[in-house]
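Remarks on the structure that follows.
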Amino acid sequence: MTGVRNGDRVDLPVPAGTAGESFSVRVSGVSKTFPALRSGAPVVALDTTNLQFEVGRFTSVVGPSGCGKTTLLRMIAGLERPTSGAVTVAGEAVRGPSARTAMVFQAANLLPWKTVRQNVLLAARLRGKVDDRLRERAARLLTTAGLGQFVDSLPHELSGGMQQRAAICRALLVQPEVLLMDEPFGALDAMTREQMGNELTRIWAQNRSTVVFVTHSIPEAVQLSDRVVVMSPRPGRVVGDLLVDLPRPRTPEVLESERARELHHRIRAHFTNLES
Ligand SMILES: Nc1ncnc2c1ncn2[C@@H]1O[C@H](COP(=O)(O)OP(=O)(O)OP(=O)(O)O)[C@@H](O)[C@H]1O
Ligand SMILES: [Mg+2]
């Protein structure tokens, strides 16, 4: 399997136990144009994009606002059709939403009339597998996310950041093959953000979903990822693809190391190149 780094090919080892299809998600020659609204011109959100996401890898996608990151995730989730090109998950063409995939949106999207606990169990319930073990896991996840006292609250009784944490628990609970996260920590304060990041990678290490994580934060991308994809301003194209070869767990020492700083600078350099 390969990934691209500054135009160079770089090799990533296949995680143990994932023989066979080494790419979980393939985005091949995908463009997305939204039709003109009123008198405006059509919007080319994404331009002929090729990306592969390796099985069990944690990949972050960073890029300027409006470059098509959410559109990319929505196409992988089957919520949007590409204008041209193809998206496959586990070798199958994506034709609509699938139980293989879960998405955490930029907004929490909780059902306002259901409690936090009911919201978190909802996706699992739709997949028909709620039992005591799952209820216990939901309770554990909610406690970890600092929502232990709020399981019976309604969403409007929570802050925006708390609602978002509940939405993250809901997606993690179903242990999807592919977990798509669209700036899931954007509404959180810095401290909770870091804690949720650590918790997310801890849970990910246990069941190894293929994660595609959109963020505006370079430190967050370095903290969490095996690989960081950098996109250009709209129409979005891939302009950088770097392997984050830092050891896990990503302790403060690891994240303050020379190598972490170097990676940070290299990602930032892609943005600087785009501006000049
Ligand atoms: N449903 C839609 N109809 C029309 N245009 C759309 C639609 N969804 C997205 N767009 C346009 O496509 C472009 C890319 O949008 P997208 O939401 O994917 O960007 P983004 O990279 O996620 O931005 P941000 O970082 O601000 O969330 C934008 O110009 C946006 O206006
Ligand atoms: Mg977005």
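Picking from Leu122, Leu142, Leu37, which is most flexible by a Gaussian network model of the chain using Cα springs under 10 Å?
Leu37
Antiparallel DSSP bridges in the chain: what percent, to the nearest 5? Don't skip to the end; give the middle numbers.
On the way: 24 of 42 bridges.
That works out to approximately 55 percent antiparallel.
Could you check which residue among Thr210, Thr143, Thr101 shows the biggest mean-square fluctuation in a GNM of the chain with a 10 Å Cα cutoff?
Thr143
Multiply the residue gap between Arg248 and Glu157 by 0.36 nm, knock off their C-alpha separation, and tell me the result in nm, one decimal place.
Values: separation 91, 0.36 × 91 = 32.76 nm, distance 3.66 nm.
Full extension of this stretch gives 29.1 nm more.
Do the sum for the chain: with -39,500 (n - 2.57) for every DSSP H run of n ≥ 4, divided by all residues, what is the mean residue ellipticity at 222 nm, to the nearest 500 deg cm²/dmol?
Rounded to the nearest 500, the figure is -10500 deg cm²/dmol.
Over all distinct alpha-carbon pairs, what is the Kirkwood Rh of the chain in angstrom?
After inverting the mean inverse Cα-Cα distance, the result is 19.3 Å.
Could you compute how fast segment 173-276 diffuses translationally, taking Rh as the Kirkwood radius over C-alpha pairs and applying Stokes-Einstein at 4 °C with viscosity 1.567 mPa s? Give it in µm² per second.
Stokes-Einstein gives a translational diffusion coefficient of 89 µm²/s.
Hey, if you put +1 on the Cβ of every Lys and Arg and -1 on every Asp and Glu Cβ in segment 46-159, which of Met103, Val120, Ala77 ends up farthest toward the positive end of that dipole?
Final value for the positive-end residue is Val120.
Skipping prolines and chain starts, which residues have an amide H placed within reach, meaning under 5 Å, of the one on Val55, given they are 5 or more residues away or on another chain?
The list, which skips near neighbours in sequence, is Phe23, Ser24.
Cut-off 10 angstrom, C-alpha nodes, Gaussian network model of the chain. Which of Pro233, Pro252, Pro184 fluctuates the most?
Pro252
Please report the orientation-averaged projected area of segment 94-241, defined via the convex hull of its C-alpha atoms, in nm².
9.6 nm²
Provide the FRET efficiency to the nearest 0.05 for the Trp113-Glu136 pair, computing r from the beta carbons and using R0 = 22 Å.
For Trp113 and Glu136, the calculated efficiency is 0.35.
Taking Lys114 as the anchor, which lysines have their alpha carbon closer than 23 Å to its alpha carbon, excluding any fewer than eight residues away along the same chain?
Qualifying lysines at Cα under 23 Å: Lys129.
Over the Cα atoms of segment 144-213, what Rg and Dmax result, in angstrom?
Final numbers for Rg and Dmax: 12.0, 33 Å.
With +1 on each Lys and Arg Cβ and -1 on each Asp and Glu Cβ, how big is the dipole of the chain about its Cα centre, in debye rounded to the nearest 20?
700 debye
If I histogram all Cα-Cα distances within segment 93-150 using bins 10 Å wide from 0, what percent of pairs lands in each bin?
19, 50, 26, 5, 0
How do the peptides 222-230, 80-88 rank, highest first, by the average count of neighbouring beta carbon atoms within 10 Å per residue?
Highest to lowest by the protection proxy: 222-230, 80-88.
Rounded to a whole number, what is D in µm²/s for segment 123-174 from Stokes-Einstein with the Kirkwood radius over alpha-carbon pairs (25 °C, 0.890 mPa s)?
218 µm²/s
Values in this text are rule-based calculations from the coordinates and carry no lab data. Predicted model, so just to flag it, every value in this text is computed and none were measured. No Cβ is skipped: glycine too gets one built from the backbone with ideal geometry, and neighbour counts run over all protein chains shown.
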